[in-house]
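The values are calculated or read from the model by the stated rules, or taken from the named source; none is laboratory data. Predicted, not measured: the structure shown is a model, and the values here were computed from it. Heads up, the Cβs are rebuilt from the backbone with ideal geometry, glycines too, and the neighbour counts pull from every protein chain shown. Ligands, DNA and RNA are excluded from the accessible area calculation, which covers all protein heavy atoms including side chains. Shrake-Rupley method; radii C 1.70, N 1.55, O 1.52, S 1.80 Å.
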Amino acid sequence: MEKVIKCLLLKNNQVIVSEVVEVEATLGDANCKLINPCLLNGDDLVDWLTFTDQNEIMVRSDDMLTVVDPTSEILEKYESLKYWLRLYNEAVY
């Protein structure tokens with residue numbers, strides 16, 4: 001299955017760049033799986049939830065204002081960050 005990388009504007013005005021997988025859920029439950037989510041901070045991408053080692057986060061689509069395709073520049077930054085984080089984690093763990 002091909003990766004679907006999106007920019008998500010959340011209701012709290014954070015922009016998250018992540019691989020997104022929709023999952024079936026009952027009304028009100030989390031129905032989007034974010035894989036390796038990053039926070040867009042100005043022109044930089046940083047880890048979104050630094051207090052956890054999880055790389056798959058479940059969120060509700062109700063918490064999003066919109067979902068759009070990233071620019072090629074943002075997509076390149078995202079892929080680069082995920083590459084270096086994977087290398088770091090392999091070296092540390």
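The sum of -39500 (n - 2.57) across all DSSP H runs of n ≥ 4, divided by the residue count of the chain, sets its helix-only mean residue ellipticity at 222 nm to -8000 deg cm²/dmol.
Shape class for the chain, computed from the alpha carbon gyration tensor (a ≥ b ≥ c): prolate, with a/c not under 1.5 and a/b above b/c. If only the Cβ of Lys and Arg carry +1 and only the Cβ of Asp and Glu carry -1, the dipole of the chain around its Cα centre is close to 80 debye.
A 1.4 Å probe run over the protein chains yields, for the chain, 71 Å² of accessible area per residue, whole-number rounding. Of the solvent-accessible surface of the chain, computed with a 1.4 Å probe and all protein chains present, 50% belongs to carbon and sulfur. The C-alpha atoms of the chain define a longest principal axis, and helix 72-92 lies at about 60 degrees to it.
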